[in-house]
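So the structure is just underneath, and the comments pick up after that.
The values are calculated or read from the model by the stated rules, or taken from the named source; none is laboratory data. Since this is a predicted model, take the numbers as computed values, not measurements. Neighbour counts are summed over all protein chains in view; Cβ atoms, including those assigned to glycine, are modelled from backbone coordinates with ideal geometry.
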Amino acid sequence: MNGAPLLHLELRGSPALAAVLVLAHAVAAACIAAVLPGPWAWALAVLVLALGVAAAWDRALLRAGRSVRVLELSAGGQAALGLADGRRLEGSVAARRNVCPWWVTLPVRGPAGRTLLVARGMLSAGDFRRLRLWALWGRVPGVAGAQLAA
């Protein structure tokens, strides 16, 4: 990544997002168990629930080695991802981003090759606001940090 990053964000785990992931997978597992007959349905339901727990561990709680812990964004849509195991991946963020008051999705292309979902609880209020502004405009306003927190 060339130049200094406009945003350097240190992500933290989101227990709320983890609960939503596990709950959604638990509902899916219950539907499988209710609709399909036999022991294979129960085995499939358990696997779906285990998938939800694994997704929550990796993507929401950021406990796996390949979980993104640091996000650096620069002008021109360049991104650097710092993983929990110490590796650093670089890529570019696609123009199509989803921004809402509760989360931001950033599709990262290149060696990183993943879509990041950053929930509101993963950053401080000021950092989340700056991330939302960057995702909408590709830049952050040139104002004092105290003004952003307001």
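Results for (1) closer than 21 Å to G13 by Cα; (2) of a type in the set (A, V, I, L, M, F, W, C), shown as yes or no for each residue.
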position	(1), (2)
R88	yes, no
V104	yes, yes
L117	yes, yes
M122	yes, yes
G126	yes, no
R129	yes, no
L133	no, yes
R139	no, no
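I need the full set of residues from region 77-93 which are over 20 Å from R129 (Cα atoms) and part of a strand (DSSP E or B), in order please.
Answer for region 77-93, where residues must be over 20 Å from R129 (Cα atoms) and part of a strand (DSSP E or B): G82, L83, R88, L89, E90, G91, S92.
Would you pick out the residues in region 25-41 that are in contact (Cβ under 8 Å) with a residue 12 or more places away in the chain and loosely packed, with under 14 Cβ neighbours inside 10 Å? Explain how you work it out, then say what you get.
Kept after step one, since they are in contact (Cβ under 8 Å) with a residue 12 or more places away in the chain, are these residues of region 25-41: 25-26, 28-30, 32-33.
Passing the criteria: only A30.
Being buried (at least 17 other Cβ atoms within 10 Å of the Cβ) and over 15 Å from L17 (Cα atoms) is the requirement here; does A79 meet it?
Details: buried (at least 17 other Cβ atoms within 10 Å of the Cβ): yes; over 15 Å from L17 (Cα atoms): yes.
So A79 passes the test.
Taking V93 and the conditions (1) over 15 Å from the mean Cα position of the chain (by Cα); (2) crowded, with 18+ Cβ neighbours inside 10 Å; (3) over 22 Å from A18 (Cβ atoms), which numbered condition does it fall short on, given that it satisfies the others?
Failed condition: (1).
Considering only region 125-150, state which residues are loosely packed, with under 14 Cβ neighbours inside 10 Å and either of a type in the set (A, V, I, L, M, F, W, C) or at pLDDT 75 or above (or both).
Of everything in region 125-150, those that are loosely packed, with under 14 Cβ neighbours inside 10 Å and either of a type in the set (A, V, I, L, M, F, W, C) or at pLDDT 75 or above (or both) turn out to be A125, L136, W137, V143, A144, A146, A149, A150.
Among the residues of region 56-76, count how many are free of Cβ contacts under 8 Å to residues at least 40 places away in the same chain, crowded, with 17+ Cβ neighbours inside 10 Å and assigned to a loop (DSSP other than H, G, I, E, B).
First, pick out the residues of region 56-76 that are free of Cβ contacts under 8 Å to residues at least 40 places away in the same chain: 56-58, 64-67.
From the residues that got through so far, the ones that are crowded, with 17+ Cβ neighbours inside 10 Å too are 56-58, 67.
Remaining after also requiring assigned to a loop (DSSP other than H, G, I, E, B): 67.
The number of residues fulfilling the criteria is 1.
Could you please tell me which pairs satisfy a Cβ distance under 8 Å, a separation of 6+ or placement on different chains, a first residue in region 94-116 that is at positive phi and assigned to a loop (DSSP other than H, G, I, E, B), and a second residue that is surrounded by 10 or more Cβ atoms within 10 Å (Cβ to Cβ) and of a type outside the set (S, T, Y)?
Within 8 Å, the pairs are G110/L89; G110/E90; G110/G91; G113/G91.
Which residue out of L17, L49, L23 is in contact with a Leu (Cβ under 9 Å, 6 or more places away or on another chain) and not in a loop (DSSP other than H, G, I, E, B)?
From the options L17, L49, L23, the qualifying one is L17.
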